[in-house]
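Reviewing the structure listed below.
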Amino acid sequence: GDVSMPAPRPFLVLMSAGELTAEVQAVLEGDGLTPLALPSFTSEGIRVPWRRVQRGEAVTIANAEDSTELSWWLKIRLWAMTQYRRIVYLDADTLVHRPIEELFRLPAHVTFAAPVHVSRDGSGSELSVGVMSLRPDPSVFAALVAFLVQAAPQFETGVRSVDQVLQHTFFRSYFRWRGHPRWDDGGRFVGCSADAPPLSEGVKLQMQGGEGRALPPE
């Protein structure tokens with residue numbers, strides 16, 4: 001049969017404008033990456049929830065507050081990037097073992113898809129925003145920023161993944177979850193199921209530590 005290869009996609013690297021030096025830009029572009037410098041919310045007068053600095057965390061740059069805020073909240077700006085039909089976001093510490101074209105090919109009615117993991121109290125599951133497939137939408141961006149601004153005055157925590165905790169709370173109420181996505185052998189999205197997809201033996205072994213993952217779309 002006819003096997004069509006996907007068109008090349010831009011590989012964006014999100015970072016703060018202050019960190020994008022000429023040297024960094026040259027290195028990234030030399031590797032075929034596209035640096036995308038974005039402003040912090042603090043620089044725009046928007047207060048976001050804050051986390052206390054933990055013991056052992058080193059402050060390595062002068063503007064530590066702005067940098068730390070960016071490391072937590074910069075990915076929220078993906079929702080405003082409507083120049084892209086769909087964005088697949090990966091944390092910098094993510095290791096990709098296989099093609100992820102299926103995440104780009106999710107249909108338009110799937111606004112958002114992300115992994116989940118077992119909740120801290122073991123009673124359910126929590127959203128993980130280290131990997132996301134999303135369809136940019138200014139209304140989602142505005143609602144998410146408004147939610148964070150409302151939470152900021154009352155929220156200070158020592159939890160490292162404070163952004164993940166708050167985004168899980170937001171998305172759980174903002175979207176109607178449809179279940180676990182499924183693809184056929186050709187990589188075509190065939191819908192969602194209430195049951196988690198079957199896992200290979202290798203994945204089952206990796207999950208024995210108690211952290212299972214699935215992708216719940218909108």
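Points worth noting:
- Amide H within-cut-off set for Val13, under 5 Å, with H built and near neighbours excluded: Thr34, Leu36
- Neighbour-count ranking [beta-carbon atoms within 10 angstrom, fewest first] of Ile87, Ile100: Ile100, Ile87
- Hypothetical label at Arg178: residues of segment 92-109 whose amide nitrogen lies under 11 Å (7 Å Cα-Cβ projection): 106-109
Values quoted throughout were computed directly from the atomic coordinates according to the rules given, and no laboratory measurement underlies them. Here the structure is a predicted model, which means the values were calculated and not measured. Positions of Cβ are generated from backbone atoms using ideal geometry, with glycine treated the same way; all protein chains shown enter the neighbour counts.
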